[in-house]
Amino acid sequence: MMGTDMADAELVLKFQGGQDGAFDDLVRRYMRDAFSFCMRLTGRADEAEELSQEGFVTAYRALRGFRGEASFRSWLFRILINRWRDRRRSRRREDARMELVKADVESRGAHLSSGDLGELDAGELGDVVKERVQDLPDRQREVLVLHVYHGMSHHEIADVLGCSYDDVKMNLSLARKRLRETMKDYL
Amino acid sequence: MMTCDTARGRLEELFDGELRGDEAATVQAHVDACAACAAEIASFRRLEEVLRGAPAGARPDGERYLARVKEKTRAQERSRWLAFVPVAAAALLMIGLAWVLASPPPPKGSDISALVDEYRAADAKRQAAIEEKLHAGGADTVAALKALVQSGAPQRQQVAAVILARYQDKSVTQWLVDYSNREPASQDVELLEIGSEPSDDELVGSAFDLLRSSKTREDGLRVLRKLHKGGLNRQAAYAMADRVKGLLASPSPRDQELGLEVLKTVGVKFPLPDLVDMLDVPELGDKAYEFLKQQTNKDYGRDKKAWADYFGRRL
């Protein structure tokens, strides 16, 4: 992580020095992480693409003022979380779309809408995992996804989410408890 | 030796690698000796394996994804100043600025782009000097700045627009207003999101400046309403509450009235107890009283002590 942090810092400095291409490199470096994070938050590929791209747009505009108080990665994920929360707050129709996603999963159909975005996951267990993770309350899902799929420590997650270490610990515990219950047939 | 009750509260942290040194060793020693706690750790491991085994599925298409990010960035940059420039242009038409113009030679075309780039990162003093040089450049300089607004890189578009907005020539500022009205709004951009951007506390400050003139007050209130409705980030929200507080705390009745008007029309969340102090201020006391009644559904008249007691506050 230290090596990556230093490389990120170099790119950030280059961007702040006027090299726009440095930001392109940061996007290439983190697009997959950002996309998969948004994918696990939203459950839909088209929405994940849009949300993660919005995150990069926000990052582009704010990067000049970035002072390296956190790693670029944590900072980017914080932006993504904020965009995700803004979206939840302001677009009520997303709830209706999530219901459609659940209905699709229940009928065992593919729940990724954009076929040109790569291979779809067809395994039954994969579908179940996605559905159960989507069913988690928002904060529990955020914490779980950041920890399990992005390898973040509790402190790093607290930084990204703007909450305390104890909040992270508690929500991760609750998420695990819930998943162990809802997925007991698969464990 | 650690008991199960104590260990259970730390098992997940041990599993997650959050414990260090002696603490980790103590909990681990308990797990090694306790079948129940060891089983708990094993269940965490199993869950993690199953979760990690489910990939996200779709993947972003590299260069197409990057191209889309760039496209959205350009659209956002344009929309941001489109929302602000008509207000700035209107305000600056009304504000009389005394310019002391030296007579430097007009800058060349390539110099103009360089000056625009320099402006973005410059401090206020240098920005003023650049504006002075460009404003003295005549029709060619105006044409070059207009060209940057229409087709330059997003940062240059924004800066060129700001520089044009500050011209004292009404035809220039009118061109800017007409241009911004002519451009179709991008479907990717929601102006309501303005308040969500990290640097929009600057827009809050500028909007409050517009409130100072009776001719631009409505423009300022309109921008503040848009910002507030769009959802402010923490920095911008602090800036707004801070400005309102400053107005209400000002010894000037005009400022206090302005603060109340912002509270009323924009819907800013503000600590109501602070309004109690204004109840006995001539003219403004009525407005403060009406606002408190409306927000609390209580009526204690002009009795400051009663209001203070209601808020649990000491006078």
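The values are calculated or read from the model by the stated rules, or taken from the named source; none is laboratory data. Since the structure is predicted, the reported quantities are computational estimates derived from the model, not experimental observations. Backbone-built Cβ (ideal geometry, glycine too); neighbour counts: all protein chains shown. For accessibility, only protein heavy atoms count, side chains too; no ligands or nucleic acids. Shrake-Rupley method; radii C 1.70, N 1.55, O 1.52, S 1.80 Å.
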What are the residues in region A:148-168 that are within 21 Å of B:Arg20 (Cβ to Cβ), more than 7 Å from chain B (Cβ to nearest Cβ) and in a helix (DSSP H, G or I), if any?
-> A:His155, A:Glu156, A:Ile157, A:Ala158, A:Asp159, A:Tyr165, A:Asp166, A:Asp167, A:Val168
How do the pairs read when you match residues in region A:61-84 that are within 13 Å of another protein chain (Cβ to nearest Cβ) with residues anywhere that are open to solvent by 20 Å² or more (accessible area, probe 1.4 Å) and assigned to a helix (DSSP H, G or I), using Cβ under 6 Å and keeping only pairs 6 or more apart or on different chains?
-> A:Ala62/B:Pro198; A:Arg64/A:Gln16; A:Arg83/A:Glu54
Qualifying positions in region B:26-69 - at the interface with chain A (Cβ under 8 Å from one of its Cβ atoms), in a helix (DSSP H, G or I) and of a type outside the set (S, T, N, Q) = B:Phe44, B:Arg46, B:Leu47, B:Glu48, B:Val50, B:Leu51, B:Arg52, B:Gly62, B:Tyr65, B:Leu66, B:Arg68, B:Val69
Residue list for region B:206-236, filter: modelled with pLDDT under 75 and under 22 Å from A:Asp86 (Cα atoms) | B:Val223, B:Lys226, B:Leu227, B:His228, B:Lys229, B:Gly230, B:Gly231, B:Leu232, B:Asn233, B:Arg234, B:Gln235, B:Ala236
Hey, does region B:195-205 have a residue that's modelled with pLDDT of 65 or more and open to solvent by 70 Å² or more (accessible area, probe 1.4 Å)?
-> no
So which residues in region B:2-21 are more than 10 Å from chain A (Cβ to nearest Cβ) and at positive phi, if there are any at all?
-> B:Gly21
Sort out which residues of region A:141-163 are closer than 17 Å to B:Arg10 by Cα and open to solvent by 50 Å² or more (accessible area, probe 1.4 Å), and write them in order of number.
-> A:His155
Scan of region A:6-42 for residues that are crowded, with 20+ Cβ neighbours inside 10 Å and facing another protein chain (nearest Cβ under 10 Å), ordered by number | A:Phe23, A:Val27, A:Met31, A:Ala34, A:Phe35, A:Ser36, A:Phe37, A:Cys38, A:Met39, A:Arg40
Any idea which residue in region B:257-286 is least open to solvent (accessible area, probe 1.4 Å), counting only those that are modelled with pLDDT of 75 or more and of a type in the set (D, E, K, R)?
-> B:Glu261
Does any residue of region B:120-143 turn out to be under 30 Å from A:Leu80 (Cβ atoms), surrounded by fewer than 16 Cβ atoms within 10 Å (Cβ to Cβ), more than 14 Å from chain A (Cβ to nearest Cβ) and modelled with pLDDT under 80?
-> no
Here the residues within region A:58-102 that are of a type in the set (S, T, N, Q) and either at pLDDT below 80 or not in a loop (DSSP other than H, G, I, E, B) (or both) are A:Thr58, A:Ser74, A:Asn82, A:Ser90
